[in-house]
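Please read the structure below before turning to the comments.
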2 protein chains.
Amino acid sequence: MALKLNIKKIDIEAGGKPEVLLNKEDAEELGVHSMDRVNVILHDSISTAIVDVTEHVIKPGEIGLFREMDKTLGVQCDHPLLVEPATLPESVSFIKQRLYGNSITPEQIYSIVHDFVDNKLSDVEAAYFLASAYVKEFSDEETVALAEVMVETGQTLKFSRGPVVDKHSIGGIPGNRTTMVIVPIVAASGLLIPKTSSRAISSPSGTSDTMEVLAPVNLSLAELTRIVNKTGGCIAWGGSVNLVPADDMLSKLRYTLRLDPHAFVLASILGKKKAAGAEKIVIDIPTGIGAKVENVSQARELAHSFISLGSKLGMDVQCVITPGEKPIGNGVGPALEARDVLRVLENDCGNEDLKNKSLSLAGMVLEMGGKARRGEGYALAESILSSGKALEKMKEIIAEQGGNPAITHKDISVGSNTYDVCARGNGTVYGFDNIAITRIARAAGAPKNKGSGIYIHVRRGQFVKEDEPLYTIYADHDSKLESAVKLSQTLDAIIMEKAILGIVENVKEEQCAEPK
Amino acid sequence: MALKLNIKKIDIEAGGKPEVLLNKEDAEELGVHSMDRVNVILHDSISTAIVDVTEHVIKPGEIGLFREMDKTLGVQCDHPLLVEPATLPESVSFIKQRLYGNSITPEQIYSIVHDFVDNKLSDVEAAYFLASAYVKEFSDEETVALAEVMVETGQTLKFSRGPVVDKHSIGGIPGNRTTMVIVPIVAASGLLIPKTSSRAISSPSGTSDTMEVLAPVNLSLAELTRIVNKTGGCIAWGGSVNLVPADDMLSKLRYTLRLDPHAFVLASILGKKKAAGAEKIVIDIPTGIGAKVENVSQARELAHSFISLGSKLGMDVQCVITPGEKPIGNGVGPALEARDVLRVLENDCGNEDLKNKSLSLAGMVLEMGGKARRGEGYALAESILSSGKALEKMKEIIAEQGGNPAITHKDISVGSNTYDVCARGNGTVYGFDNIAITRIARAAGAPKNKGSGIYIHVRRGQFVKEDEPLYTIYADHDSKLESAVKLSQTLDAIIMEKAILGIVENVKEEQCAEPK
């Protein structure tokens, strides 16, 4: 059964999928349903497309071609196409098996991911593959296969020398811009560190948003390779490089539900490192109430997963479990964080937590990369920082990425609308509510408004007097300041110690029952 | 944050979803991603739409409106729209909870299905809801809620009298056109039976495909109601009535993977019955190797689920477990089955299995509907059939649905290209391979070509001689006959008894190992 159909071009994209629109009558004639596949034949060339059935727009006898199919076929409108039912890709049955709770083979995982990247699977079909991770966790073998095929279906960076190192934080902590201190230290030591980072999705700033205050981060693959070969490092936005398209496509399907299936998260992180050519990696796992990982035993388990998967992918991984219940650095928001980073690099009384954590992680990277003996990495990192070599390297990287290398922390402009949130009484700082901090900083305009965010003035355990400022809200726009201030009045971003947490009284319950 | 964007109309439908296309730059400006929601504001009216981000077609400063949004807003092209980020529907978080293995409340299930039917959820989000049934089975409470909200979001049939009865088969058996015998018997008894059936998806024919040989089955709600009020019964295609749009929308997402999550299947079947106004229902569960349910204990479990869910929905359900390892009737394919049905109704030496099974089920329906005492339904059904009242009623229904009531089994034209598949030696018929029968009948052109299919000449246990025909392949088209014949040579659709199933010899394994 095949039909000759006239082309109707539809001048939009079907999300990369080779999709065609058929009229309901023709679909019935062919015996195909929405999501079925058809072969579209022109002369000797056959392409397979996913069907969408409509009762409007496309008349019987017509076939609607979206841009993707139009390009694939390169057809003229006056030439009819032969259309026939095609079989489903075999990978569809592997997805079903997995959703039904069965493990599948590495070859089957390869086939699923290849078909998805080649646009042979619909988003709904791929979503079932993701969902299958909640039916039954991916085995180590399955997770390795997932990471391998992600790398295989993407591009891999090659550099003129080595070793190539990297660092990664699983994130979730406001501030925490250690990457921007670590990269210049490591690059200054002679190691290569081609760092790609994310932008904020639900946080006040991602490393890419903060770096963008100093230099463009949308680098092409060629630019990134050139810069790393020349300076030893870079701080680029991963989305612009898109080394691993499979990860990008799967992440989109996780987005609205904020799904983070274990195997997919592991494969995403380590697959991208592998594609970036990394041989040795330090992974930071912030842990604590309000962080992504809530306790040390969970963190240890995750660390072992990273190490084991890394080793199977031929990479040396070490993990650091760090305190995750408070922001790292005083600033939260792109410009405020960039200022914190430059103060540390300039040796200008920078935030101690940010400096100390960055040196610890940089030290580990230096040890793994063979630049320092075990236990001596921290001291080497410190000497690179205090000597000014790290700052010099950062200026080099900024210049190569297209920014102004002469910038100092004093040149960074932060939001001109400010408001001090002050202590309501004398007391001691007990801790921080990361979620509240994030909400207030975003209400002030971060990450979109670079100068917006908050600046924290106090440390845990610090005694503060009534009306002393706890933190300052910065906003580029007046109206956003107002929203953030309102929010700050309903949320305790900074939690004070209390002598009494609550009182339970021995009160008799009232007799509500009717008399019998 | 809001943007003023100029409208670009896109003259196709986005699968019913209120979707808008934004340029990547504007999406970044608004801080929204693909699958996020935006409010689209025109004067005082606000509509929420799902975002798709593109780098082509839609320029910065433009917003692409698909037909759905265009209609909702009813806007002119020269009027800019105000676009701002909107929050996700709360139901998204309920889906996530369920996918993470937690039960959710009936109210949360209501909210998910309402939002999906109202096009507030994307297909990917709804697919995660379906997938969650594989993470953790739906509880009884959840399944009831699912069925209830399916009915609530659709339409319900009302008839001028009662009681309203129905029958359903979970399907999977070639032939098995009992519905077309049962409906006229039951309607002739004075009960109302508004039967809607499916078309074939992967089988050689659905009840709707077979009924269509005799009369149109695409009835509107109004037609169906009129016909049932007048004649007591109908045999319509469920897809044309579409009483339960939620079921239709969810079924589409199950289609390519052929997913049949328990709760969704139960809710789909009983939800549709409830919407059709049924009070008493008999459900046929064909059971055996090659059927959907493989053994009686599974069938009993399923039966209890139907009965329990039915009772919670206020319907009286009885289930019949029937043999499912062989076709019911001689014909397989629309016209061949329709001929079988008419022969039974005409009392013209019809197939005994088809007649007997139809009378058994019809008898149960008559008992449930109060027309016969317990144990006396079969006899009543038989007397209605043998008296010719059932045939008369069938002609009435055919006439009302727009067919020719004068038709007899002799008028039905079957495929003119035929081929007899014969026994390769003397022997006894052991059984049937339903899957092989289905494949051969479909290769011959069923269900699209009404006259195509196969006709089985033998019964289980029957002794046949070499070269005696086992079955005949019928095809409307010559080329299809050829494919079906080829397939018949590789498949044993009819399995003969064998004295020896295999021989295991005591052979020493060859020494392949190298000498040590």
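The values are calculated or read from the model by the stated rules, or taken from the named source; none is laboratory data. Quantities reported herein were computed from a predicted structural model and do not represent experimental measurements. Every residue, glycine among them, receives a Cβ derived from its backbone with ideal geometry; neighbour counts consider all protein chains shown.
Being in contact with an Asp or Glu (Cβ under 6 Å, 6 or more places away or on another chain) and surrounded by 21 or more Cβ atoms within 10 Å (Cβ to Cβ) is a description that applies to B:PHE66. One residue stands out among those in region B:230-243 that are away from chain A (no Cβ under 12 Å) and modelled with pLDDT under 95: the one that is surrounded by the fewest Cβ atoms within 10 Å (Cβ to Cβ), which is B:ASN242.
Close Cβ contacts (under 9 Å, 6 or more residues apart or on different chains) running from residues in region A:481-502 that are in the same structural domain as A:GLY427 (by TED's automatic domain parsing) and over 17 Å from A:GLY333 (Cα atoms) to residues that are of a type in the set (Lys, Arg) and crowded, with 17+ Cβ neighbours inside 10 Å comprise A:LEU491/A:ARG439. Screening region A:88-118 for residues that are assigned to a helix (DSSP H, G or I) and at the interface with chain B (Cβ under 7 Å from one of its Cβ atoms) and picking the one that is nearest to A:ALA49 (Cα to Cα) gives A:VAL92. The residue pairs whose first member lies in region B:219-243 and is at positive phi, whose second member is charged (D, E, K, R) and surrounded by fewer than 21 Cβ atoms within 10 Å (Cβ to Cβ), and whose beta carbons are closer than 7 Å, counting only pairs six or more residues apart or on different chains, are B:ASN242/B:ASP248.
The set of residues in region B:49-71 that are under 33 Å from the mean Cα position of the chain (by Cα) and not acidic (Asp, Glu) comprises B:ALA49, B:ILE50, B:VAL51, B:PHE66, B:ARG67, B:MET69, B:LYS71.
Among the residues examined, A:ASP348 does not qualify as buried (at least 24 other Cβ atoms within 10 Å of the Cβ) and among the acidic types (Asp, Glu). For region B:233-250, the condition of being outside the structural domain of B:ILE193 (by TED's automatic domain parsing) and more than 24 Å from B:VAL164 (Cβ to Cβ) holds for at least one residue. Counting only residues that are hydroxyl-bearing (Ser, Thr, Tyr) and either outside any helix (DSSP H, G or I) or buried (at least 23 other Cβ atoms within 10 Å of the Cβ) (or both), region B:247-283 holds 1 of them. Restricting the first member to region A:102-118 and to residues that are free of Cβ contacts under 8 Å to residues at least 24 places away in the same chain, and the second to residues that are among the acidic types (Asp, Glu), the beta-carbon pairs closer than 7 Å and six or more apart or on different chains are A:SER111/A:GLU90. Taking (1) without any contact (Cβ under 8 Å) to a residue 40 or more places away in the chain; (2) away from every other protein chain (no Cβ under 14 Å); (3) farther than 21 Å from B:HIS56 by Cα in turn, A:LEU73 satisfies each apart from (3).
Only residues that are at pLDDT 95 or above, touching a strand residue (DSSP E or B) at 6+ places or on another chain (Cβ under 6 Å) and among the small types (Gly, Ala, Ser) were counted across region B:170-189, and they come to 1. Among residues of region B:157-183 that are among the hydroxyl-bearing types (Ser, Thr, Tyr), those with a beta-carbon under 9 Å from a residue that is in a loop (DSSP other than H, G, I, E, B) at least six positions away or on a different chain give the pairs B:SER169/B:ASN176; B:SER169/B:THR178; B:THR178/B:GLY329. Between A:VAL317, A:VAL332, A:VAL365, the distinction of being within 14 Å of A:VAL183 (Cβ to Cβ), buried (at least 23 other Cβ atoms within 10 Å of the Cβ), in contact with a helix residue (DSSP H, G or I) (Cβ under 6 Å, 6 or more places away or on another chain) and not charged (D, E, K, R) belongs to A:VAL365 only. Out of region A:132-142, which residues are touching a residue at least 40 places away in the same chain (Cβ under 8 Å) and within 21 Å of A:TYR255 (Cβ to Cβ)? Within region A:132-142, A:ALA133, A:TYR134, A:PHE138 meet the criteria.
Provide a single number: the residues in region A:29-57 that are at the interface with another protein chain (Cβ under 8 Å from one of its Cβ atoms) and either under 26 Å from B:HIS56 (Cα atoms) or without any contact (Cβ under 8 Å) to a residue 40 or more places away in the chain (or both). The qualifying residues number 8. Residues that are farther than 22 Å from A:LYS252 by Cβ, surrounded by fewer than 16 Cβ atoms within 10 Å (Cβ to Cβ) and either more than 43 Å from the chain's Cα centre (by Cα) or more than 10 Å from chain A (Cβ to nearest Cβ) (or both) within region B:2-28 comprise B:ALA2, B:LYS4, B:ASN6, B:LYS9, listed in sequence order.
Applying the set (1) surrounded by 22 or more Cβ atoms within 10 Å (Cβ to Cβ); (2) more than 14 Å from the chain's Cα centre (by Cα); (3) farther than 30 Å from B:LYS389 by Cα; (4) within 14 Å of chain A (Cβ to nearest Cβ) to B:THR287 leaves exactly one unmet item: (4). Out of B:VAL20, B:VAL57, one residue alone is among the β-branched types (Val, Ile, Thr) and modelled with pLDDT of 80 or more. It is B:VAL20. For the subset of region A:205-229 comprising residues that are part of a helix (DSSP H, G or I) and of a type in the set (Val, Ile, Thr), which member is surrounded by the fewest Cβ atoms within 10 Å (Cβ to Cβ)? The extreme case among them is A:THR225.
Note on region A:443-465: among residues that are outside any loop (DSSP other than H, G, I, E, B), more than 14 Å from chain B (Cβ to nearest Cβ) and hydrophobic (A, V, I, L, M, F, W, C), the one that is surrounded by the fewest Cβ atoms within 10 Å (Cβ to Cβ) is A:PHE463.
B:LEU366 meets each of the listed conditions (1) touching a strand residue (DSSP E or B) at 6+ places or on another chain (Cβ under 6 Å); (2) among the aliphatic types (A, V, I, L, M); (3) closer than 14 Å to B:VAL165 by Cα apart from (1). Quick check: anything in region B:104-112 farther than 21 Å from B:GLU148 by Cβ and of a type in the set (Gly, Ala, Ser)? No, the conditions are met nowhere in region B:104-112. The residue of region B:119-170 that is surrounded by the fewest Cβ atoms within 10 Å (Cβ to Cβ), among those that are more than 14 Å from every other protein chain (Cβ to nearest Cβ) and among the hydroxyl-bearing types (Ser, Thr, Tyr), is B:SER160. Within region A:289-338, the set of residues being free of Cβ contacts under 8 Å to residues at least 40 places away in the same chain, in a strand (DSSP E or B) and over 17 Å from A:ALA267 (Cα atoms) comprises A:ILE321, A:THR322, A:PRO323.
Inside region A:190-204, can you point out the residues that are part of a loop (DSSP other than H, G, I, E, B) and at pLDDT 95 or above? Passing the criteria: A:GLY190, A:LEU191.
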